[in-house]
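Following: one structure in structure tokens, then a few remarks.
The numbers here are math on the coordinates, done by the rules we state, and not lab data. Note that the structure is a prediction, hence the values are computed from the model and not measured. As a convention, Cβ positions derive from the backbone with ideal geometry for all residues, glycine included, and neighbour counts pool all protein chains shown.
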Amino acid sequence: MNIEWLGRQFDNIVFLLGWHVLLAVIPLVLGLLIALPLGWWAHRSRRIYPLLVGIAGLLYTVPSLALFVLLPLVLGTKILDPLNIVAALTIYTVALLVRVVADALESVPEDTVQAAKAMGYRSYQSLLKVELPVGVPVISAGLRVAAVSNVSLVSVAALLGIPQLGSLFTQGFQLRFFTPIIAGILLCVILAMILDGLIILLNRWLTPWTPKVVAS
Amino acid sequence: MNYLFDPRHWTGADSIPTLIGEHLLYSLIALAIAAVIAVPLGIYIGVTGKGVFLIAGLANALRALPSVGLLILLVLLISPAFPSKMGYILPSLIVLVLLAVPPILTNTYAGVRAVDAAAVDAARGMGFRTMKILTDVQLPCSLPLVLSGVRSALLQIISTATIAAYISLGGLGRLLIDGKAQNDYSQMVAGAVLVALLALFFDQLLAFITRRVVSPGLTRRTIKSASAAEAVKTPVTV
């Protein structure tokens, strides 16, 4: 490790890290917001479930680099536009979470739903105040997987020249220089761990009724 | 789309069929190595309960590692020692295997764990030896999960093999990387479409194989237990 190089590159690395965070987190939030209604729809209708989960599975099979390249055709963006990365990762996040949200709602005990109904909750109130909160642990488990894989997938965009931590890898490759590569890998792993930890905390905060010992 | 339908790109040394062949060759070699490592290990951990920490820890840690960074790091480390083509083939294969082991390992483990204990006891009661229980009861019963692990591993491999074109590995990723270098977007699109089709094809192929080789008795049971709540409402007619 060449500490001196890292010192000189500090501003640039912070800039890349900032972009990496944006490119990983925005799709995560967007993906969750889109997956919630879709997952609810899949949960409600037995015919829609296999259809939505099937489409999600097909989208999830498309390799990331291919999706980054194909999206400009659909969106009309330039190949270097970071929007392609946001769109691609949003698609992956939705594809992963639709099933998770549907299964989370499915996992809510029937008695709980019946109890809410008996207490006079309308169906949307029951969904927002009972079923979704009870499903939070399952949803956050899926969200953790999506968050960690997003961080890793963002770095693939470096091959197209979109700046984020992956740029440190291509830079290191061109210079035959280990320092940026190792720094990039470490920062990616740390970022993934921080996001993972934040989702665990969020889950705990949203589900105060669960026992404090959490099996991960 | 011009690139894809130009007959010149379908014959010769760097033609599309050659690239598909290379892509498949590397992918299947990596998948085979990963399966040879992960399936026995998963069975061992599942049956004995030793080394369970490997399952959760390894799978999550490896998912966080950026594959591009890992590829480039290994190439810089290994290629000085192997001046020939092995200088980039070897690191690529290592990364592909590394990424493919966790899904197969965790699914094999989960599959073996999920086998109905009563079925194992029944087999033992019928006089099956431990080895025969493994090959005739536990393995067939865990096959659906093992195969679903293989399926996600293969997708991961096909996707990452594309990226490995950056460190000069052959395969369909070449079209994407070379197209980028030459500012030839139609070549990149051709590569992207072909890689996506390849992934979809193999995903569906494995889904088909899973349906063919998994014992029908098993799938019926899974359907019943998976939707137990529904089964109460609508009596199952078998």
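Ellipticity at 222 nm from helices only: DSSP H runs of n ≥ 4 in chain A, each -39500 (n - 2.57), divided by the residue count, give -26000 deg cm²/dmol. Per Stokes-Einstein, at 20 °C and 1.002 mPa s, what whole-number D in µm² s⁻¹ belongs to segment A:57-126, with the Kirkwood radius over Cα pairs as the hydrodynamic radius? The diffusion coefficient I find is 145 µm²/s. Taking the number of Cβ atoms within 10 Å of each Cβ as an exposure proxy, the fewest-first ranking of B:R151, B:R63 is B:R63, B:R151.
Of A:L67, A:L143, A:L75, the residue with the greatest mean-square motion in the GNM of chain A, using alpha carbon springs below 10 Å, is A:L75. For segment A:1-118, the equivalent ellipsoid derived from the alpha-carbon gyration tensor has semi-axes of 37, 20, 11 Å in decreasing order.
Short-range pairs are left out: with C-alpha atoms under 8 Å and at least six residues apart, the relative contact order of chain B is 24 percent. Estimated at 0.36 nm per residue, the fully extended path between A:R176 and A:F15 surpasses their Cα-Cα distance by 55.7 nm. Local charge for B:K132 was computed over the other residues whose Cβ lies under 15 Å away, with Lys and Arg +1 and Asp and Glu -1, and equals 0.
With distances taken between every two different alpha-carbon atoms, segment B:1-121 has a Kirkwood hydrodynamic radius of 17.1 Å.
Within segment A:3-206, the proportion of C-alpha pairs whose separation exceeds 27 Å stands at 40%.
How shielded is B:191-197 by partner chains, expressed as the average number of their Cβ atoms within 10 Å of its Cβ atoms? Don't jump to the answer; show the numbers that get you there.
Numbers: counts 3, 10, 4, 1, 7, 9, 2.
Per residue, the number of nearby Cβ atoms from other chains is 5 on average.
A:A141 label point, 7 Å along Cα→Cβ, cut-off 15 Å on backbone N: hits in segment B:55-73? Under cut-off, by backbone N: B:56-57, B:60.
Hey, what's the Cα Rg ratio for segment A:109-157 versus the globular rule of thumb, 2.2 N^0.38 Å?
Numbers: Rg = 16.4 Å, N = 49, 2.2 N^0.38 = 9.7 Å.
Rg over 2.2 N^0.38 Å, computed on Cα atoms: 1.70.
Short to long, the 10 Å bins of the Cα pair-distance histogram for segment A:89-130 hold 27, 40, 23, 9, 0 percent of all pairs. Taking label points 7 Å from Cα along the Cα-to-Cβ direction, A:D111 and B:A81 give a separation of 6.0 nm.
With contacts defined as alpha carbon pairs under 8 Å and 6 or more residues apart, what's the relative contact order of chain A in percent? Working shown, then result.
Values: 246 pairs, mean separation 56.5, N = 216.
Answer for chain A is 26 percent.
For segment B:88-145, the normalised intensity computed at q = 0.15, 0.19, 0.20, 0.25 Å⁻¹ comes to -0.54, -0.68, -0.72, -0.92 (log10 of I(q)/I(0), Debye sum over alpha carbons, equal scatterers, no solvent). For A:W205, B:W10, the sequence from fewest to most other C-beta atoms within 10 Å is A:W205, B:W10.
Start at zero, step by 5 Å, and the Cα-Cα distances of segment A:146-216 spread as 3, 16, 19, 19, 12, 9, 8, 7, 5, 2, 1 percent across the bins.
The largest-to-smallest principal axis extents of the Cα set in segment B:15-233 are 66, 41, 27 Å. Each label point was placed 7 Å from the Cα along the Cα-to-Cβ direction; for A:K129 and B:Y185 their separation is 5.2 nm.
Here the 3J(HN,Hα) profile of segment B:85-90, calculated from phi with Karplus coefficients 6.51, -1.76 and 1.60 at θ = phi - 60°, is 4, 4, x, 10, 5, 4 Hz, Gly and Pro shown as x.
Sorted ascending by nearby beta carbons within 10 Å, beginning with the fewest, B:L200, B:L25 become B:L25, B:L200.
On alpha carbon coordinates alone, what is the Rg over Rh value for the protein assembly as shown, Rh being the Kirkwood radius? Walk me through the numbers on the way to the answer.
Working: Rg = 23.5 Å, Rh = 23.8 Å.
Radius of gyration over Kirkwood radius for the protein assembly as shown works out to 0.99.
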